[in-house]
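Comments concern the structure below.
The values are calculated or read from the model by the stated rules, or taken from the named source; none is laboratory data. Please read all numbers here as calculations on a predicted model, not as lab measurements. So basically every Cβ, Gly included, is an ideal-geometry build from the backbone, and we count neighbours across all protein chains shown. Calculation scope for accessible area: heavy atoms of the full protein, side chains included, ligands and nucleic acids excluded. Shrake-Rupley method; radii C 1.70, N 1.55, O 1.52, S 1.80 Å.
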Amino acid sequence: MKIAFVGKGGSGKTTLSSLFIRHLATTGAPVVAVDADINQHLGAALGLDDAEAAALPAMGDRLPLIKDYLRGTNPRIASAQTMIKTTPPGEGSRLLRVRENNPVYDACARPVELDGGAVRLMVTGPFTEADLGVSCYHSKTGAVELCLNHLVDGRDEYVVVDMTAGSDSFASGMFTRFDITFLVAEPTRKGVSVYRQYKEYARDFGVTLKVVGNKVQGEDDLDFLRSEVGDDLLVTVGHSDWVRAMEKGRPPRFDRLEDTNRHALELLRTAADTTYELRDWENYTRQMVHFHLRNARSWGNERTGADLAAQVDPGFVLGERETERERQRDSESESDNGRVTSPAPA
């Protein structure tokens, strides 16, 4: 399942996404966690100290490697240099899977040990002074979007992305790459303003959106959220001594999280798991192509000097069956070269 956490700055989305990641890890579920926020705090929220967080490899700095790997032998892509953040996979492209080992994970992901399990953590990298005046943050998150475009995840596998604050993700098609989006909202007018933007933008693309009310202190706060977001309100979260200790860098064991907040995390997982039955890989692929063609026309063709519409493989549909065909091709190729190896774990 591909899951996004969004919300305005200070809403608590990074804290809640880290709690959800911890919750999944305690159950032994395979998890890839991605920090796609311009303010890189997910590593710290998962317990890394400042030095460990700063040492995480930035996906944005490894974009050439990512492109070269994902391109594979796709004949429609002339070179890795002509790939942009929306380039869709096609016949011959390499796909990513949650449980496997591959060069992208080797270069960009690091294991983070949590109570009861471990997750792979990937980060876009911070927006630095060197970027000022010469690039925008979408050049960083483009690496995340490209990986999501080539990712095939199955039931009980999780990719959790802490998105950049506000409605900035609508500058690309990345907001359509998720099975469910959890919007973290405080019970204030500013707190629900991002919800209104997301709801409006996402309506035409069938984005599954649920609101998590945060910092809710009583019935008045709850009534406010219900009146503002209606049935999209999934659950609310209040004060947490566990979170306060975590923010001080002294988190207790995760099994000491308050029962009410643990129940809230269970509801989030149930909501995410339910969306698996709603998956439509053909529509998912159509949306991918839609945003790629739009980006190609607006800036991609001019920047790369190529007709990026030609990268679209009209007969290709991303999905779990396609992953099995790719594994079979890899196995046959290795056999032809006299090197028979076991396929990557499912």
**Item:** Which listed residue is under 16 Å from Thr164 (Cα atoms) and open to solvent by 30 Å² or more (accessible area, probe 1.4 Å), from Gln197, Gln217
**Value:** Gln197
**Complete:** Residues in region 29-61 that are open to solvent by 70 Å² or more (accessible area, probe 1.4 Å) and among the charged types (D, E, K, R) total 4
**Prompt:** Looking only at region 185-194, which residues are open to solvent by 50 Å² or more (accessible area, probe 1.4 Å) and at pLDDT 90 or above?
**Reply:** Thr188, Arg189
**Prompt:** Quick one: how many residues across region 230-260 are under 25 Å from the mean Cα position of the chain (by Cα), over 23 Å from His41 (Cα atoms) and either open to solvent by less than 60 Å² (accessible area, probe 1.4 Å) or touching a residue at least 60 places away in the same chain (Cβ under 8 Å) (or both)?
**Reply:** 4
**Request:** Enumerate the pairs (first residue in region 95-114 and free of Cβ contacts under 8 Å to residues at least 12 places away in the same chain and more than 15 Å from Ala143 (Cβ to Cβ); second residue anywhere and of a type in the set (A, V, I, L, M) and surrounded by 15 or more Cβ atoms within 10 Å (Cβ to Cβ)) with beta-carbon separation below 8 Å, excluding pairs fewer than 6 apart on the same chain, so at least 6 apart or on different chains.
**Result:** Pro111/Val119; Pro111/Leu121
**Asked** Would a scan of region 224-234 turn up a residue that is assigned to a strand (DSSP E or B), among the hydrophobic types (A, V, I, L, M, F, W, C) and within 30 Å of Arg279 (Cα to Cα)?
**Response** yes
**Request:** List the number of the failed condition for Met163; all other conditions in (1) under 17 Å from Thr124 (Cβ atoms); (2) touching a strand residue (DSSP E or B) at 6+ places or on another chain (Cβ under 7 Å); (3) at pLDDT below 95; (4) open to solvent by 10 Å² or more (accessible area, probe 1.4 Å) hold.
**Result:** (4)
**Message:** Checking Phe316 against (1) surrounded by fewer than 17 Cβ atoms within 10 Å (Cβ to Cβ); (2) not in a helix (DSSP H, G or I): exactly one of these is not met. Which one?
**Reply:** (1)
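Do we have Arg203 as under 22 Å from Ala271 (Cβ atoms), open to solvent by 30 Å² or more (accessible area, probe 1.4 Å), part of a helix (DSSP H, G or I) and touching a strand residue (DSSP E or B) at 6+ places or on another chain (Cβ under 8 Å) here?
no
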